[in-house]
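Notes for the one structure printed next.
The values are calculated or read from the model by the stated rules, or taken from the named source; none is laboratory data. What you see is a predicted model; the values in this text were computed from it and never measured. Every residue, glycine as well, gets a Cβ built from its backbone with ideal geometry; the counts of neighbours run over all protein chains shown. We work out accessible area using only protein heavy atoms, side chains counted, and drop any ligands, DNA or RNA first. Shrake-Rupley method; radii C 1.70, N 1.55, O 1.52, S 1.80 Å.
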Amino acid sequence: MKYFLVWSALLLSLGLNGQNIRFYTTTDAREVIAGSFLEVNFVLENSSDAQNFKPPDFGEFVVVSGPSRSSQMSIINGTVSQSVTYGYSLKAPGTGAYTIEAASIKVGGTELKTKPIRISVVKGSQIGPGPDREIFVRMIASDTTAFVGQQVILQYKLHTTLDVRTFDIIYESPYEGFYSEDLNQVRSGFKREIINGIEYYTKILKSKALFPQQTGIYEIEGAVANLGIATQRSRSSFFFSNQLRPQRMSTNGISISVRNLPQTNREDFSGAVGQYTMKASVNKRSFTTDDAIVVNMSIAGNGDARMVSPPSWSMSDALDMYDPNVTTDHTSSNTIGIQHRKSFEYLIIPKVKGRYKIQPSFTYFDPDSNVYITLSSGPFVINVAQGSRAAAVNSGEEIPEIEEIYMTSRLIATKDVLSYKKSRLLIISLLITAFISMAVFKYYLVKSGKLDPEAIRRVKAFEMAKSRLEKAKDYKDREEAKAFYEEIVLALKKYLGDKFNFPALYSKKQEVLDHLDALDFTPEEVSAVERIFTLSERALYAPGSSPNGMDTIYQDALSLISGIEQNKV
């Protein structure tokens with residue numbers, strides 16, 4: 001048992017090592033009524049070596065009880081977290097603004113202090129709440145004006161002066177115009193809040209994350225909640241416990257105005273709206289023209305993850321970037337909202353040797369500051385040496401001098417005509433062998449992917465498009481409309497981009513159409529492309545699209561791509 005305790009303590013200290021040690025103050029209210037009570041806690045997180053806790057001088061507050069010491073430890077996915085709490089119950093003095101100063105504690109020989117907190121003591125209402133204000137539920141939105149793709153937190157908040165034991169939201173608005181998702185609700189006690197001189201106990205009953213999908217003014221109608229309110233004890237009840245009186249309540253409604261993002265000409269805008277972070281790395285710094293440069297990028301933020309496309313950035317024309325792969329797409333939720341993380345893997349092929357700078361960047365729109373923000377990593381300096389894939393552009397070898405031209409010539413008769421014929425046959429055989437070897441080598445390059453990447457994309461564009469259309473057909477047969485229309489748009493953009501060598505996948509609809517005009521596409525072809533894009537975009541925001549509509553779009557896309565393949569090759 002002794003060894004077990006020693007090893008447990010050692011493992012705990014190792015698990016806590018490297019985590020942030022925090023020492024802070026919490027309270028159940030920042031505004032209280034004169035003569036009422038206040039709960040104050042001093043919390044130490046992620047330390048198993050604490051001593052000499054010293055509370056502050058509470059001044060005019062009267063310490064009713066405390067300190068009460070409690071501890072908590074949890075292990076989640078191998079990560080150990082621990083907290084120790086020192087709690088006090090205080091009685092508030094007369095009205096005014098007061099400061100609870102810092103508490104201190106020693107951790108490993110270092111003294112930590114909390115930050116002072118301000119408490120406002122106000123005069124209570126002399127009348128008290130009427131029957132209609134003893135209990136109510138409010139709907140609260142973090143923003144009533146938002147942008148498309150911005151996360152809005154909607155909360156249903158209970159205010160009560162009664163003993164509410166149970167609560168349940170039994171009806172909610174359909175949230176038209178928004179993509180909505182419930183947030184994980186953490187169990188917590190009631191907090192206190194003063195409204196019009198009346199002290200209420202408050203609790204968040206439910207939280208939702210809303211993501212606006214299109215512009216407009218949307219009215220979110222009120223919800224309906226069922227509450228169970230404790231009554232006085234009854235001797236006829238089981239074990240003399242409190243009986244619950246059911247009460248049904250409706251919340252207020254709320255209006256949210258949704259706007260479009262400000263116009264921008266930034267080609268590197270990813271579609272992300274919110275607050276984001278980004279980091280990127282390169283697999284190594286030295287390459288040859290036979291190698292592939294791998295750039296890994298990870299972004300994290302609180303916007304609508306479905307609107308975020310892989311970021312693109314500018315670099316040397318001597319580097320070819322392939323469409324990135326999404327290696328991680330993870331979403332999590334907590335009481336403050338939804339967070340998502342996406343990781344992308346970029347494959348870059350150098351065409352010629354040289355020294356290059358690669359600086360991955362990511363642009364998003366920050367609704368708080370109303371500006372576009374660009375995050376970047378690097379620059380990463382890449383050295384590319386000549387590989388075996390192609391001849392060196394500048395080998396640096398000396399050019400041999402040309403010998404002096406003879407002013408007279410001499411003819412020498414061949415002594416062995418048969419030997420001459422044999423030599424000629426040998427040369428012809430060597431040439432034939434060389435041609436066969438070149439053909440075999442070219443076949444090897446095509447199979448191994450070492451041929452010019454642009455040529456490979458052009459050759460395989462139609463095959464890849466047919467493959468994506470087959471995938472879209474599977475979605476159509478399963479009546480998965482959203483996945484079908486997304487695959488149709490992807491198939492068409494990828495085909496045009498690979499076939500005609502422009503970044504169609506990352507371009508807006510009008511930019512793609514302008515590029516096709518410049519490539520001498522006929523007005524009918526451009527109109528067909530625009531029609532497919534427009535109908536697909538509309539269908540993505542119109543759930544319940546009919547299978548017949550998907551059939552038409554599928555046939556139009558197949559006919560269009562097949563026609564371009566025949567007429568433009």
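Data table
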{"item": "Unique match (being at pLDDT below 90 and either out of contact with any helix residue (DSSP H, G or I) (no Cβ under 8 Å at 6 or more places or on another chain) or among the hydroxyl-bearing types (Ser, Thr, Tyr) (or both)) among 134, 181", "result": "134"}
{"item": "Count of residues meeting criterion [within 27 Å of residue 36 (Cα to Cα) and loosely packed, with under 11 Cβ neighbours inside 10 Å] in the range 47-68", "result": "1"}
{"item": "Filter result (of a type in the set (S, T, N, Q) and either modelled with pLDDT under 90 or over 19 Å from residue 324 (Cα atoms) (or both)) within the range 281-306", "result": "283, 286, 288, 289, 302"}
{"item": "Residue satisfying condition, being under 36 Å from the mean Cα position of the chain (by Cα), surrounded by 14 or more Cβ atoms within 10 Å (Cβ to Cβ) and not in a strand (DSSP E or B), within set 188, 173, 207", "result": "173"}
{"item": "Which numbered condition residue 536 misses (of (1) more than 21 Å from residue 266 (Cβ to Cβ); (2) open to solvent by less than 60 Å² (accessible area, probe 1.4 Å); (3) out of contact with any Phe, Trp or Tyr (no Cβ under 7 Å at 6 or more places or on another chain); (4) of a type in the set (Ser, Thr, Tyr))", "result": "(3)"}
{"item": "Helices (runs of 4 or more DSSP H) fully within the range 494-569 counting 2 or more residues that are touching an Asp or Glu at 6+ places or on another chain (Cβ under 9 Å), at pLDDT below 80 and not aliphatic (A, V, I, L, M)", "result": "547-568"}
{"item": "Cβ pairs under 7 Å, 6+ apart, first in the range 268-290 and over 26 Å from residue 304 (Cβ atoms), second of a type in the set (A, V, I, L, M) and part of a loop (DSSP other than H, G, I, E, B)", "result": "289/352; 289/390"}
{"item": "Yes/no for residue 288 being surrounded by fewer than 14 Cβ atoms within 10 Å (Cβ to Cβ) and not hydrophobic (A, V, I, L, M, F, W, C)", "result": "no"}
